[in-house]
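Taking it in order: structure first as structure tokens, then the write-up.
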Amino acid sequence: MISVADLVQEKPLKGNYFAPSAYVQGDFELGLLETRLGSRLIALPEVFLQGVYEGLNEELGQAGGLVLYNCGKWWGKSFYRRFLQEVSEYYETPLAQMEMVEFLSCLKQCWKTHGWGVIEFNFDYYSQGFIVVNTVNSPFAQAAPQNEGLACQPEAGILTSFFSQLTGEDLLALQTSCESMGAIANYFIIGLSERMKSAKAWLEEGHDHEMVINLLCSGSSEA
């Protein structure tokens, strides 16, 4: 139980850094939205995202997904650097030394505050070398053409870059289910890029998320 001494210590208790009421600031008369550190934020209407998907599909076909994924990877690099700076400075603790519960709480709230939906992490497969991530209410899944394939390539790119920089390893986040195809959530499997090559092939063969993660964890090369 927390003691009185803990409450009156010299350093005040830190609140939720990414609480929307504190994190999103700006001058609405001038059309400015900023983070509490002054980084510019832009609110994108859903119709704009729909136009991006439609435009890429018309001009590039299936290659449009790769463009969105690479955009997400670039975006993820910047997102990680900003997250690292803001969280480390606010909590006065290097990101690598934060408690996992605190780190995940920050990342979940950050994801939600930026309007990317709700994100959850499953570490049941960590001992086999994989992390499972799921998101719901993704703006990318909602904006993409429905029932035409996995649509959260920007999220996959963001997760790939974020966790690669966090761990110092060459990781890959592979989407295995999507709200745009009627799934209850968007699922991603994060693992070493080399180990994820087989998973891509299994997805192309039509296997679902559960089958793919089971095959990865068993080390099987057969579907």
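The values are calculated or read from the model by the stated rules, or taken from the named source; none is laboratory data. What you see is a predicted model, and the numbers here were worked out from it, not measured in a lab. Note: ideal-geometry Cβ built from the backbone for every residue, glycine included; neighbour counts use all protein chains shown. All accessible areas refer to the heavy atoms of the entire protein, side chains included, with ligands and DNA or RNA removed. Shrake-Rupley method; radii C 1.70, N 1.55, O 1.52, S 1.80 Å.
Quick look at the values:
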| item | result |
| --- | --- |
| Residue in the stretch 60-105 that is modelled with the highest pLDDT, counting only those that are among the β-branched types (V, I, T) and closer than 19 Å to G15 by Cβ | V87 |
| Inter-residue pairs, beta-carbon under 8 Å, first over 10 Å from A144 (Cβ atoms) and among the acidic types (D, E) and in the stretch 46-64, second modelled with pLDDT of 90 or more and surrounded by 10 or more Cβ atoms within 10 Å (Cβ to Cβ), 6+ apart | E46/P139; E46/Q142; E46/A143 |
| Qualifying helices (runs of 4 or more DSSP H) (wholly inside the stretch 39-140; at least 1 residues being within 12 Å of the chain's Cα centre (by Cα)) | 63-91, 100-113 |
| Enumeration of residues in the stretch 21-37 that are under 22 Å from the mean Cα position of the chain (by Cα) and open to solvent by less than 70 Å² (accessible area, probe 1.4 Å) | A22, Y23, V24, L33, E34, T35 |
| Scan of the stretch 33-74 for residues that are closer than 25 Å to A22 by Cβ and either in contact with a Phe, Trp or Tyr (Cβ under 8 Å, 6 or more places away or on another chain) or among the small types (G, A, S) (or both), ordered by number | T35, R36, G38, S39, A43 |
| Failed condition for C178, given (1) closer than 20 Å to F123 by Cβ; (2) within 15 Å of the chain's Cα centre (by Cα) | (1) |
| Qualifying residue in the stretch 15-27 (condition: modelled with pLDDT of 80 or more and over 22 Å from K108 (Cβ atoms)) | yes |
| Residues satisfying the stated conditions in the stretch 149-159, i.e. surrounded by fewer than 21 Cβ atoms within 10 Å (Cβ to Cβ) and among the hydrophobic types (A, V, I, L, M, F, W, C) | none |
| Flag for A143 being closer than 21 Å to F48 by Cα, in contact with a Leu (Cβ under 7 Å, 6 or more places away or on another chain), in contact (Cβ under 8 Å) with a residue 40 or more places away in the chain and open to solvent by less than 70 Å² (accessible area, probe 1.4 Å) | yes |
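Table: residues versus (1) of a type in the set (S, T, N, Q); (2) closer than 15 Å to Y69 by Cα; (3) in contact (Cβ under 8 Å) with a residue 24 or more places away in the chain.
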residue	(1), (2), (3)
Q153	yes, yes, yes
G157	no, yes, yes
Q175	yes, yes, yes
E179	no, no, yes
G182	no, no, yes
I190	no, yes, yes
V212	no, no, yes
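Conditions tested, residue by residue: (1) open to solvent by less than 70 Å² (accessible area, probe 1.4 Å); (2) out of contact with any helix residue (DSSP H, G or I) (no Cβ under 8 Å at 6 or more places or on another chain); (3) outside any helix (DSSP H, G or I); (4) more than 13 Å from F130 (Cα to Cα).
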position: S161; (1), (2), (3), (4): yes, no, no, yes
position: T176; (1), (2), (3), (4): yes, no, yes, yes
position: S180; (1), (2), (3), (4): yes, no, no, yes
position: E194; (1), (2), (3), (4): no, yes, no, no
position: A199; (1), (2), (3), (4): yes, no, no, no
position: L203; (1), (2), (3), (4): yes, no, no, yes
